[in-house]
Amino acid sequence: NKILEYDFKFQKFPFDSHRIILAEFTLINNFIEFTMTEKTDEYFKEMNKTKEFKVISPGWNITELNQYEYFTPKDWDDPEMDYSVGSVQVFIDIERNSVSYILKFAFPIIFIVLIAWGVFWIDPRDIKTRAELSIISLLSLIAFNFVMSDKLPDLNYLTLLDSLVLTSYLFAG
C-alpha cells in the first residue's frame, strides 16, 4: 500500500478540495495482474451515484471515489516497457466543510470590522470616543488572530482566510 498523491494546495482554504490517490501494488515485476470484479465496479458506481461512501471523515465531504487498475498482461507484451508493476489505484476526491470556518472565523472578523466602522456615526468632535473604539477594534482583531492562529494550519503562503484577516486590518484601521 502507498499514498501516491499528498501534495495538497491550501491557497483556497477553507474552500479547498483535494484528490488523494491510494495504490495497492506488488514489487514483483511483470507477473501480477490486478483486476476489478464487476461487483466492485458496480459498488463504486453506486457509491458515487448515492454519495453514501460509508467513510467517516470529520471536516471533509467525499465528492467522488473511483478505482482503476493499471498494467494488465497486454501491457507486458509492450517492447518499450522493461518491466511493469501492476496496481489498483483508488482516487478519493474530497472537499472541506467550510461552514464551520465561516461561522467561527470569518463572521467574527467581519463583525469586529463593522464595529470599527462605528466611528463614522460618532460625532467628529468626540475624538476620545472615536479613538477608543478604533483602538479597541484593532486590539480585538489582534487578540482574535492570536487565538485563531493556533487552530489553523501553518503554511508558508497566504490562504483565502489569511487574505480576509489582512483586509480586516486595513478596513479596521
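Comparison of Val90, Val85 shows that the only residue that is surrounded by fewer than 17 Cβ atoms within 10 Å (Cβ to Cβ), within 21 Å of the chain's Cα centre (by Cα) and at pLDDT below 90 is Val90.
The rows are residues; the columns are (1) closer than 29 Å to Ile62 by Cβ; (2) β-branched (Val, Ile, Thr).
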| position | (1), (2) |
| --- | --- |
| Ile92 | yes, yes |
| Trp121 | no, no |
| Ser137 | no, no |
| Leu141 | no, no |
| Leu160 | yes, no |
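Among the residues of region 112-161, those identified as of a type in the set (Asp, Glu) and under 26 Å from Ser100 (Cα atoms) are Asp150, Asp154.
So for region 126-140 (the condition being open to solvent by less than 90 Å² (accessible area, probe 1.4 Å), touching a Lys or Arg at 6+ places or on another chain (Cβ under 7 Å) and not charged (D, E, K, R)), does at least one residue qualify? No - not one qualifying residue is present in region 126-140. Does Leu114 satisfy the criteria of being aliphatic (A, V, I, L, M), in a helix (DSSP H, G or I) and under 30 Å from Ile56 (Cβ atoms)? The answer is no for Leu114. Residues of region 108-118 that are farther than 15 Å from Leu170 by Cβ, open to solvent by less than 40 Å² (accessible area, probe 1.4 Å) and not small (Gly, Ala, Ser): Pro108 alone. Scanning region 109-142 for residues that are of a type in the set (Phe, Trp, Tyr) and in contact with a Phe, Trp or Tyr (Cβ under 6 Å, 6 or more places away or on another chain) gives no hits. For Asp93, which of the numbered conditions (1) part of a helix (DSSP H, G or I); (2) closer than 30 Å to Glu69 by Cβ fails to hold? Here Asp93 clears every test but (1). The set of residues in region 35-66 being assigned to a strand (DSSP E or B) and under 16 Å from the mean Cα position of the chain (by Cα) consists of Trp60, Asn61, Ile62, Thr63, Glu64.
If you go through region 97-107 and keep only what is in a helix (DSSP H, G or I) and buried (at least 16 other Cβ atoms within 10 Å of the Cβ), you end up with Tyr101, Phe105, Ala106.
The values are calculated or read from the model by the stated rules, or taken from the named source; none is laboratory data. Keep in mind that this is a model prediction, so the values were computed, not measured. Glycine gets a Cβ as well: all are built from the backbone with ideal geometry, and neighbour counts include every protein chain shown. Calculation scope for accessible area: heavy atoms of the full protein, side chains included, ligands and nucleic acids excluded. Shrake-Rupley method; radii C 1.70, N 1.55, O 1.52, S 1.80 Å.
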